[in-house]
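Values quoted throughout were computed directly from the atomic coordinates according to the rules given, and no laboratory measurement underlies them. Values in this document were obtained by computation on a predicted structure and should not be read as measured data. Using ideal geometry, Cβ is built from the backbone for each residue, glycine included, and neighbour counts are taken over all protein chains shown.
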């Protein structure tokens, strides 16, 4: 009965979304207050209905209700509770239900906390959110119903994909969806502004917190996925340029550009057309990511579905929303006249450069991701675009961004001089160059990537905090230290986020330049060298887990005579799914990880063993945490959370 109620709640949510997408829009056009007021209760009701539906599906998974087809395909009675719960979204139908739940959550938040918005703009924003809800609820109900019953329920389920039975993958999808779907708010604000003919400083301030929240969630979700790939897939990689990885990375790049562009709209009322376009494209790339994951057109370990019918439905949604928004954008382009003018050397120009580099980098990733599909459709050729292409084509843009970021952050608005801008950064530059030179001197016979990456990362980190120090003004060191703690949280947030990028840049360069790798066949009780360490395969045992069988090794790592760690890499088999997984044995450290993997038994009685020393691996995710923390600090600054103070004179054009 609960399952049927959950299904019925979804149907009611679709009906409410239809009301939300039409009545407030007509009300805003006619200036009818009562009709506009429908938007808020409709958004809240939609959240309650979809929330109940999601709770009903979760109940079916937790209680192992095998009369529900989705539970049979993605659960098992022996599965731990956390994976029964994560199994709700570890599949196409359930993850799509989570998608619409988060969409409704953002709409409800806009209704509850958007009291500072003009009534007509608020009604139009919620109406556009309602339209997106209609599209995805229809997709869910007509092609991907999660509540289908089976006439003859089996005794047990077929289990969840073993690769998804992991804490990192349990939380990775919800954070990604919070980012993907959060960008729908930027899209709704953009379309509402185009309908209304209003893009000004106040609009820039209103759209920024929603974009920032989405960017934070995307950062966390991408970091969790990267961390999972590192320790779960057994190859020690943190990024494989997999199509689904790219699907989340592209909107992250565009949303980062949108954040910086919205600053120019807010501060200088310039780049209005470009900012609106970025808001449309950010959600567009989220929809492209949804298509990649769910259509089956591109093969990936992350893909949810392989159903052309669903892929066509998503393409239809993409075409309607992107085509409609871009057509409206073209019609309204003349209304978005920029007011602020600025010279070639100014903070505005630096932000324009930032935007161009991020947008082109995103385009490069998009071409590399989609090109194999295009080549197969047009020329019938099967091509593979891998890491060498992405590393060569994408890296230069990020290097230029990192080089320009500290200087661009300290330049004044409107007009600046490079010499004066660099005055506060010479110390940071000297320290960065000195650090790179020191590392180059210490390493022998290795790639220059490590020293260059260290210098570049240090330049970004030192530059970020030099800009923070510059904001304390003049006076003695004691007085400036006292003032630095009283700086707005948005200033701290920017510095921490930029520093996080610098840390990640250094870590990526370090792990690529200084990694030690060893692949060999090892007998039990045999030792072998790994860098300065000695590794011994003590024994290998067959063991039983809660819903899997495992081959577990005990491997001792020594530095001379001192035992550093005893690691237990595993090779698991999940009998129900008949699928193997690799569990690496990792000794985490501040400056290095020891990474050991046990492979298959060999004909001579030994075992295939892969061993790595991963220098500064954890700094990659530490940098991502800093970026997300910096975003959260900025979001907590009241000036950027609400539109208070953004009472600029509105330059509206007739919308009707």
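Structure notes:
- Sequence ranges 596-606, 218-228, 538-548, ranked by mean other-Cβ count within 10 angstrom, highest first: 218-228, 596-606, 538-548
- Full-stretch length increase - residue 73, residue 541 - with 0.36 nm per residue and alpha-carbon distance subtracted: 165.4 nm
- Relative contact order for segment 516-617: 25 percent, from Cα pairs under 8 Å spaced at least 6 residues apart, divided by residue count.
- Helix-only [θ]222 nm of the chain, DSSP H runs n ≥ 4, -39500 (n - 2.57) each, per residue, nearest 500: -21500 deg cm²/dmol
- Radius ratio Rg over Rh of segment 1-165, counting only Cα atoms, Kirkwood formula for Rh: 1.08
- Relative contact order of the chain, taken over Cα pairs closer than 8 Å and 6 or more residues apart, is 13 percent.
- Label-point gap, in nm, between residue 470 and residue 638 - each point 7 angstrom along Cα→Cβ: 2.9
- Cα centroid of segment 356-380 to Cα centroid of segment 543-594, whole Å: 38
- Relative contact order [Cα under 8 Å, 6+ residues apart], segment 1-165, whole percent: 37
- Peptides 365-374, 347-356 ranked from most to least packed give 347-356, 365-374, packing being the mean of other C-beta atoms within 10 angstrom over each peptide's residues.
- Taking all pairs of distinct alpha-carbon atoms in segment 344-458, Kirkwood radius in angstrom: 16.9
- Cα centroid separation - segment 605-627 against segment 485-539, whole Å: 5
- Hydrodynamic analysis of segment 180-253 uses the Kirkwood radius over alpha carbon pairs. Inserted into Stokes-Einstein at 10 °C and 1.306 mPa s, it gives a translational diffusion coefficient of 113 µm²/s.
- Highest mean packing first, where packing is the average number of other Cβ atoms within 10 Å per residue, the peptides 248-258, 500-510 line up as 248-258, 500-510.
- Volume in Å³ per residue [convex hull over Cα atoms, computed for segment 122-234]: 132
- By the count of neighbouring beta-carbon atoms within 10 Å, fewest first, 73, 103 end up ordered 73, 103.
- Among (i) 134; (ii) 181; (iii) 204, the entry that matches volume of the Cα convex hull per residue in Å³ as calculated here: (ii)
- P(r) of segment 516-617 over all Cα-Cα pairs, binned every 5 Å from zero, in whole percent: 3, 13, 24, 24, 17, 11, 6, 2, 0
- Our note on the geometry: Cα centres of segment 257-298 and segment 417-439, 33 Å apart.
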